[in-house]
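K.L.:
Before I ask anything, let me first share the structure, which is written out below as structure tokens.
The values are calculated or read from the model by the stated rules, or taken from the named source; none is laboratory data. Just so it is clear, the model here is predicted, and its values are computed rather than measured. In this analysis, Cβ positions are derived from the backbone assuming ideal geometry, glycine residues included, and neighbour counts consider all displayed protein chains. Heads up: the accessible areas ignore ligands, DNA and RNA and are worked out on the full protein's heavy atoms, side chains in. Shrake-Rupley method; radii C 1.70, N 1.55, O 1.52, S 1.80 Å.
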Amino acid sequence: MNTTAPQSIPDHERLRRWRLVLGSAAEPALGGLTGGDDAAIDKALGAVYDSSGGGRSDGDRSGSLAGSAPRVARWLGDIRTYFPSTVVEVMQRDAVERLNLTQLLLEPELMEAVEPDVHLVGTLLSLNRVIPETTKSTARMVVRKVVKQIEERIASRTAAAVSGALNRAARTSRPQPRDIDFDRTIRKNLANYLPEQRTIIAEHLVGYGRRAQAVHRDVILAIDQSGSMASSVVYSSVFGAVLASMRSLRTSLVVFDTEVVDLTDKLADPVDVLFGTQLGGGTYINRAIAYCQSLITRPADSLFFLISDLYEGGVRDEMLRRINAMKESGVQVVVLLALSDDGAPSYDRENAAALAALGVPAFACTPDRFPDLLAEALNRADLRRWGTDQQ
């Protein structure tokens, strides 16, 4: 714990910040704004958070984003000038939600001005069917930019984790230096310990073998595309594309709400996968699991990820029976309540507990931890303990 006292903030700066947070209604108590940019910052905040924008009822700000597209474009420019990108993303999201600002996402010139992030992509996907043709190419550019950022973040680690997990099954007595299993080598050569040198002579090497480039495991991702799972849909789609690029895996990707859509043929481009989804609507998990069962031809070599908050709108008991049957047949089954950075997810605790009773792990995972989870799953580790360790 850091016991250092926080740096003192001058009283006038503290009053200024509270004045910007509370709006002009607080001026009698806190005083007015005097800084050169304060008026513009106050106006940008007021456009979203004043009473006319669905905010506090006690404020007297009169600004909003209603009206022309140029006004929205100016506001986007202002917030990018005065706030860091993380704050800009929050304000954009609030503007869409509080002001019903669909025009922000329906006009190309406005789309070019927004700060791309995972939540914006989720909102775009929810509006997928109503975005006009003139804007779709710009929307795809925004989605592609976010997808590229995610790929740069996770692709190399995912490939390394998968390759390592699959290669460790084979052993060789003539390993390359990079393939030496040091733990097993030391154990095998304990008889060659030299006390005076405090070292072991490694007479016999043990290493990891390299498997031939063939399909060793089948991975199926079943993704709940209800509105609450937006971030998970984005990350899961990118992971699916990364896994599909690896010849040692056969990867299938299925999205579902009340219907089931197999997007495996689009995995070459995660942007195509994302635009093949339709966020929102109900959730029939049982129907999705039934379809995924039909894809499994090698149960002992199959890994099934169900990515869902488990709010089932279909037949709950049948869903649990199908998952248990899949597990009993030899399939490695993992339920992710969320695959995102959004913090603790909301999920159906009764269904999660029922899965735990069946021996099926159910927990949330961040994108940065998913490569490690995937490697553990490929090695058939006890993921129930792994999930507990992440909490």
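K.L.:
How do 266, 148 stack up against each other in accessible area, from largest to smallest, with a 1.4 angstrom probe?
P.N.:
148, 266
K.L.:
For residue 188, go through the aspartates and glutamates and keep the ones whose alpha-carbon is under 13 Å away, minus same-chain ones fewer than eight residues off.
P.N.:
203
K.L.:
Output ³J(HN,Hα) for the range 232-240: one whole-Hz value per residue in order, computed from phi by the Karplus curve 6.51 cos²θ - 1.76 cosθ + 1.60 with θ = phi - 60°, and x for Gly and Pro.
P.N.:
5, 4, 5, 5, 4, 5, 5, 4, x
K.L.:
All other residues with a Cβ under 10 Å from the Cβ of residue 251 taken together, and with Lys, Arg as +1 and Asp, Glu as -1, what is their net charge?
P.N.:
Counting the neighbours of residue 251, the net charge comes to +1.
K.L.:
Something else now. By the scheme Lys and Arg +1, Asp and Glu -1, what is the net charge of all other residues having a beta-carbon under 15 Å from that of residue 287?
P.N.:
Numbers: positive: 316, 321, 322; negative: 224, 257, 259, 262, 312, 317, 318.
Within the 15 Å Cβ shell, the charges total -4.
K.L.:
Ignoring ligands and nucleic acids, what accessible area does residue 382 show with a 1.4 Å probe (Å², nearest 10)?
P.N.:
The accessible area of residue 382 comes to roughly 80 Å².
K.L.:
What list of ³J(HN,Hα) values in whole Hz, one per residue of the range 346-357 in order, does the Karplus curve 6.51 cos²θ - 1.76 cosθ + 1.60 (θ = phi - 60°) give from phi, with Gly and Pro shown as x?
P.N.:
8, 7, 7, 5, 5, 5, 4, 5, 5, 5, 4, 5
K.L.:
Just add up the charged neighbours of residue 321: K/R +1, D/E -1, any other residue whose Cβ is under 14 Å from the Cβ of residue 321.
P.N.:
Net charge around residue 321: 0.
K.L.:
Keeping every protein chain in place, order 201, 79 by accessible area at 1.4 Å, biggest value first, i.e. largest first.
P.N.:
Numbers: 201 85, 79 0 Å².
Reading off the accessible areas and sorting them downward yields 201, 79.
K.L.:
Further question on the same structure: Excluding residues on the same chain fewer than 8 positions from residue 266, give the lysines whose Cα lies under 20 Å from its Cα.
P.N.:
The qualifying lysines are 136, 145, 148.
K.L.:
I need the trypsin sites (Lys or Arg not before Pro) found in the range 284-386, filtered to DSSP loop residues with at most 11 other beta carbons within 10 Å of theirs.
P.N.:
The qualifying sites are 380.
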